[in-house]
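I have placed the structure first, in the form of structure tokens, so that the comments after it can refer back to it.
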Amino acid sequence: MQQVAIKEAKEESGLENIELVSSEIFDIDVHLIEAYRNTPPHYHFDVRFLLRTTDADDAIKISQESNDLKWFAEIPTEIQNLGEDIPRMFKKWKAKKCS
């Protein structure tokens, strides 16, 4: 499962040098996917791991897999209003970083 997370992170970010910070699951998000064409509505589980780049010069490259990516040290107000999962993960990351 961790290798899939790394593969997805590389595809979505364009970063080449990514590693796990921990092999433990960092976060799980469950959300409803609305019906689409012949697929009925269903719940989708996002299993998330904490990753980092191993190359400070590695640059993010927007791809078809992502709309927008950026680094930030504090959670921007516009992200706080997008749902519970991003602020929750940010708080968990800050707590882990400070401990």
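Bear in mind these aren't lab numbers, they're just calculated from the coordinates by the rules spelled out. Source: prediction; values computed, not measured. Here the Cβ is made from the backbone with ideal geometry for all residues, glycine too, and neighbour counts use every protein chain on show.
I want to check the label-to-label distance for GLU16 and HIS31. Put each point 7 Å from Cα in the C-beta direction and report it in nm to one decimal.
So the two model labels end up 3.1 nm from each other.
Trypsin sites (Lys or Arg not before Pro) within the range 1-44: which are DSSP loop residues with at most 14 other Cβ atoms inside 10 Å?
Passing sites in the range 1-44 are ARG37.
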